[in-house]
Amino acid sequence: MPNDTQPQIFLSYSWANKDIANEIDNDFIAVGITFRRDARDIGYTKSIKEFMQSIQKSDFVVMLISDEYIRSENCMYEVMELLGAHEFEKRILPVLLNETKIYNRPEQEKYYDYWKEKMDDAKRIAAKHPHGKTIEDKKKIENIYNSLPLFFERITDIKSEKYEYLRALGYKPMLDKIGFGESQALERIFKIAEIKDVEEQELALEQILADYPNNISALFYKAYFADERKLYKKARKYYELFLAKYPTFAPAHYNFALLLELVYSEYSLARLHYEMAIRINSRYDAAYNNLAILLGRYFGDYSGAKNLYEIAIGINPEVPESYSNLANIMQMHFKDFGAAEKMYKKAISVNPNFVEAIYNLAILLETHLSDIQGAKHYYEKAIQIDPLNTVAMTNLAVLLNRGFKDYENSKLFFEKAIELDPNNLKARNNLAVLLEERFSDYKNAKLQYEKALEIDPNYELAKNNIADLVKKHFSE
C-alpha cells in the first residue's frame, strides 16, 4: 500500500525471538508495509527510553509474546509504556510464540515468582549501593512487577493467535484489525508466496488482479514473481510500469535496482533507484547496504560506501554482512586494520557461523596484524563450520608450515584440501615444496608439481619449482 497512507505499526519482541520477528517483518515488507522496531529505528545516538516512550504514539503494536518476552526487562518496559496508552485493547495485536501459556493463574504464577525474585535482588543491590543507577533499576523492576496483574488482565481479554496459525491464514486477523483496505487481497498475496508450483502461483496472482485490478501489492508482486522466476525482461517491464504509477513505493525501487545491477549491469540507473528507495524510506537498511556495495565495486567511491555501511549498521545492527562489508572496505581501501578486525569480530558476534567473515579475519590477522595464533584459530573455526572449505584448509596448511613449523599437520591439511579439490593448484604446489624441503620426499614432490602442470600447463611457479627439483635431485 502507498507509504503515505500506512499506519504506524510497532513490532515488539524479545531478541531471543528475533528470527521470527524478522520473518514477520520481511513478510510485510514484501507487500510494502514497514514496521517500526528497535533494531531499525534506534540509531547509535537515539535514547532507548525516548524511543520506547514513542511507542505510545504508534497506531498499532504487534506484540510477540513468549516466555523470553515476559522475562525481558526491555520488553516489559515497553509493556508498561503501552498499558497507559489510549485504547490499549484496540491497538495491541498479540501473537503467541513457542506454546507460551498465560491464560490462567498457575500459568501466570511463574512470572510473578520470577519478577518477585528480580525485584528482591534489585532492592538488595540498591540498599547496598544506593546511587542513581541502582535506584533507577529498582524502581523499573518494581514497576514491572506491579504492572503484571494489569498486563495479564488486559492481554488475556484480547483474542491472541499463534504465529504459525496467523502465517497460514496470510495474517488475515491482523490485517482485519488494522483495517487495511482490500485486506483480503493482502491475505491472498501472503499465501501466494507459499505456493511452490510456478504455474499455480501465476494463476493465483492473475485471479487476485482480476478481483482487485488496482491493488498495489498485487501489482508489485507481478513484477516480483517474474523476477524470482528469472523472467527478467518481463520483470523489468512490470517494475517500470508499476513505478510509473506508484513512484513512492520503496520496495519496488529497491528490487528494480537489484535487477538493474545484477542482471543488466546498468549501475548508474541501479544507483538512482537505490537512492530513491532511501529517499522514500530513510530507514531502509538493505538499500543502504546494497548501494554501498555498488558504490565501492563499480564507482570506486569507498568513502561513500563506508558512510552508507555505517548508516545501515546504525539502522539495523543485526545484519552481519554490513559489518563484514565495512571491514573489507576498511582493510583494502583505508588500510585501517584495527577497525577491520573490530568489524569482522562484530559480524561474527551477530552470526557465529558466518564463514566468510571468519576466514577474512584469519587472513587479516595473519597478513596485516602478525597474529598467527589468532589466524590459526579462525582458520580452524572456518573449517569446523565448513569442513569442505579447501581454501581455508590450504591457508591453514601454509600457516602451519611457515608460522608454526608444524610440518606433519601442514602436510595433512594440504592432502585433505587436494582430496576434496584435486584442482587446487596452490595446495599441490605448496605440498610439493613441503615434501621437497622438509621430508626429502623428492619423488612425491615431483608428482605433485606434475599434477599441478597437468591442470594448468602455464602455472609458472610449478614450472620453475619442478625445474629446480629435477636439476638438484634427478639429473644424471
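Taken together, the values in this text are just the output of simple stated rules run on the coordinates, not laboratory data. These figures come from a predicted structure and were not determined experimentally. Reconstructed Cβ throughout: ideal geometry from the backbone, glycine too, with neighbour counts over all protein chains shown.
Just a few scattered comments:
- Shape call, region 202-344: gyration tensor on alpha carbons, a/c limit 1.5: prolate
- Shape call, region 246-325: gyration tensor on alpha carbons, a/c limit 1.5: oblate
- A168-K18 FRET efficiency (beta carbon distance; Förster radius 25 Å; 0.05 resolution): 0.70
- Alpha-carbon centroid distance for the pair region 122-193 / region 263-320, whole angstrom: 33 Å
- Gyration tensor (alpha-carbon) shape descriptor, region 388-476, a/c threshold 1.5: oblate
- Potential lengthening between N458 and Y112 on full extension [0.36 nm per residue; Cα-Cα distance subtracted]: 117.2 nm
- Answer label for semi-axes √(5λ) of the Cα gyration tensor in Å (calculated), chosen among [x] 49, 34, 14; [y] 51, 33, 21; [z] 35, 27, 23: [y]
- When each of K116/K162; K18/K133; K177/K245; K133/K346; K18/K177; K233/K345 is checked by Cα-Cα distance, pairs over 31 Å: K233/K345
- Restriction of the trypsin sites (Lys or Arg not before Pro) in region 327-356 to DSSP coil positions whose beta-carbon has at most 16 other beta-carbons within 10 angstrom yields K335.
- Projected label distance in nm at L241 and R71, using a 7 Å step from Cα toward the beta-carbon: 5.3 nm
- Each Cα pair under 8 Å and six or more residues apart adds its sequence gap; the mean of these over the residue count of the chain is a relative contact order of 8 percent.
- Estimated FRET transfer efficiency when R0 is 45 angstrom, pair N143-I385 (beta carbons, to 0.05): 0.55
- Within the shell of other residues whose beta carbon sits under 14 angstrom from the beta carbon of P94, the net charge comes to +2, with Lys and Arg scored +1 and Asp and Glu -1.
- Candidate lysines - alpha carbon under 26 Å from K472, same-chain residues fewer than 8 apart omitted: K405, K411, K426, K443, K446, K451, K463
- Exposed-site-free run, longest, the chain (rule: chymotrypsin sites (Phe, Trp or Tyr not before Pro); DSSP loop; at most 11 other C-beta within 10 Å): 45-473
- Length added when fully stretched, T156-I195, from 0.36 nm per residue minus Cα-Cα: 10.6 nm
- Take the Cα of S303, step 7 Å toward its Cβ, do the same at K101, and the gap between the two points is 6.2 nm.
- Our summary gives region 94-153 a relative contact order of 37 percent, counting only alpha carbon pairs under 8 angstrom and 6 or more residues apart.
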